[in-house]
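Trainee: Attaching a single structure in structure tokens format; questions to follow.
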């Protein structure tokens, strides 16, 4: 989607522009709270740019809000305080064609209380090497502020907020917690997996379709909310 956003900006401004993202997602992962930044030469209002951008973008991308950033050092990724991801599971015995694109179908009976007990093990600052690999550098330590499941009818919704995430960390956490909910793992085992710092101890990543980047949070005085939507 970066290419589409940059191509439309080039068409509107007549100048090439490189977009900076709050974070990249794997193929098939969605985003309703992606944040981007770009240095744009534009002689009209931000509202005019927002309208023009949306007119020319493909239908699966929408610019929701534009704001001018006063801080020249602002970077949507490195200035972020935390990120929130949501993973949605369809739990009915039968599949749902209407939910197929945005949920993972899990027909096994699940113990949500056990899943929340296991999710609580992850809260705090830990080495999450068992659940993912760093996008750059060597450190696999991340701080999880909150993690938990809630039921919405036939849907189970998992939300997790952390200062940063390893590659495929959320999907691997979800798959491991689903195994706990299905009775394949105990809460104690999830704790042991975390302590092991061994990727082979956790489940394989859950399908990308259920994952969505919901929000990127910044310190007071910097942009917040969802300036752009990017469904990758």
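Trainee: Being touching a helix residue (DSSP H, G or I) at 6+ places or on another chain (Cβ under 9 Å), assigned to a helix (DSSP H, G or I) and over 30 Å from residue 103 (Cβ atoms) is the requirement here; does residue 11 meet it?
Mentor: On the way: touching a helix residue (DSSP H, G or I) at 6+ places or on another chain (Cβ under 9 Å): yes; assigned to a helix (DSSP H, G or I): yes; over 30 Å from residue 103 (Cβ atoms): yes.
Against the criterion (touching a helix residue (DSSP H, G or I) at 6+ places or on another chain (Cβ under 9 Å), assigned to a helix (DSSP H, G or I) and over 30 Å from residue 103 (Cβ atoms)), residue 11 qualifies.
Trainee: Another question, then. Which one is nearest to residue 23 (Cα to Cα) among residues in region 36-47 that are surrounded by 13 or more Cβ atoms within 10 Å (Cβ to Cβ) and more than 22 Å from the chain's Cα centre (by Cα)? Talk me through it step by step, then tell me what you get.
Mentor: Of region 36-47, the ones surrounded by 13 or more Cβ atoms within 10 Å (Cβ to Cβ) are 36-38, 40, 42, 46.
Subset that is more than 22 Å from the chain's Cα centre (by Cα): 40, 42, 46.
Working: 40: 20, 42: 25, 46: 23 Å.
Among residues in region 36-47 that are surrounded by 13 or more Cβ atoms within 10 Å (Cβ to Cβ) and more than 22 Å from the chain's Cα centre (by Cα), the one nearest to residue 23 (Cα to Cα) is 40.
Trainee: Take the residues in region 33-79 that are outside any loop (DSSP other than H, G, I, E, B), touching a residue at least 40 places away in the same chain (Cβ under 8 Å) and out of contact with any strand residue (DSSP E or B) (no Cβ under 7 Å at 6 or more places or on another chain); name whichever of them is farthest from residue 4 (Cα to Cα).
Mentor: My answer is 52.
Trainee: Looking only at region 160-185, which residues are farther than 19 Å from residue 102 by Cβ, touching a residue at least 24 places away in the same chain (Cβ under 8 Å) and not in a helix (DSSP H, G or I)?
Mentor: 161, 162, 163, 164, 165, 166, 167, 182, 183, 185
Trainee: If you scan region 187-232, which residues turn out to be on the phi > 0 side of the Ramachandran plot and modelled with pLDDT of 95 or more?
Mentor: As a first pass, look at region 187-232 and keep what is on the phi > 0 side of the Ramachandran plot: 197, 221, 225.
Answer for region 187-232, where residues must be on the phi > 0 side of the Ramachandran plot and modelled with pLDDT of 95 or more: just 197.
Trainee: Among the numbered criteria (1) in a helix (DSSP H, G or I); (2) surrounded by fewer than 17 Cβ atoms within 10 Å (Cβ to Cβ), which single criterion is violated by residue 28?
Mentor: With (1) in a helix (DSSP H, G or I); (2) surrounded by fewer than 17 Cβ atoms within 10 Å (Cβ to Cβ) applied to residue 28, the lone miss is (1).
Trainee: Which condition breaks for residue 150 when tested against (1) farther than 23 Å from residue 26 by Cα; (2) part of a helix (DSSP H, G or I)?
Mentor: Unmet for residue 150, out of (1) farther than 23 Å from residue 26 by Cα; (2) part of a helix (DSSP H, G or I): (2).
Okay, residues lined up against (1) part of a strand (DSSP E or B); (2) surrounded by 13 or more Cβ atoms within 10 Å (Cβ to Cβ); (3) modelled with pLDDT of 95 or more; (4) at negative phi:
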position	(1), (2), (3), (4)
84	yes, yes, yes, yes
87	yes, yes, yes, yes
101	no, no, no, yes
122	no, yes, yes, yes
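Trainee: Sticking with this one: Does region 168-183 contain at least one residue that is at negative phi, at pLDDT 95 or above and surrounded by fewer than 17 Cβ atoms within 10 Å (Cβ to Cβ)? Give the steps one after another, and end with the answer.
Mentor: Initially, region 168-183 is screened for residues at negative phi, giving 169-182.
Imposing the further condition that a residue be at pLDDT 95 or above reduces the set to 169-182.
Cutting the leftovers down to surrounded by fewer than 17 Cβ atoms within 10 Å (Cβ to Cβ) gives us 182.
Yes, the conditions are met somewhere in region 168-183.
Trainee: Looking only at region 124-144, how many residues end up being part of a loop (DSSP other than H, G, I, E, B) and touching a helix residue (DSSP H, G or I) at 6+ places or on another chain (Cβ under 8 Å)?
Mentor: We begin by selecting, within region 124-144, every residue part of a loop (DSSP other than H, G, I, E, B); these are 128, 132, 134-140.
From what's left, touching a helix residue (DSSP H, G or I) at 6+ places or on another chain (Cβ under 8 Å): 128, 132, 140.
The total comes to 3.
Trainee: Okay, next question. Would you mind stating whether residue 12 is surrounded by 14 or more Cβ atoms within 10 Å (Cβ to Cβ) and in contact (Cβ under 8 Å) with a residue 40 or more places away in the chain?
Mentor: Details: surrounded by 14 or more Cβ atoms within 10 Å (Cβ to Cβ): yes; in contact (Cβ under 8 Å) with a residue 40 or more places away in the chain: yes.
For residue 12, the condition - surrounded by 14 or more Cβ atoms within 10 Å (Cβ to Cβ) and in contact (Cβ under 8 Å) with a residue 40 or more places away in the chain - is met.
The values are calculated or read from the model by the stated rules, or taken from the named source; none is laboratory data. Keep in mind that what you see is a predicted model, and the values were worked out from it rather than measured. Don't worry about glycine lacking a Cβ; one is built from the backbone with ideal geometry, like all the others, and counts go over all protein chains shown.
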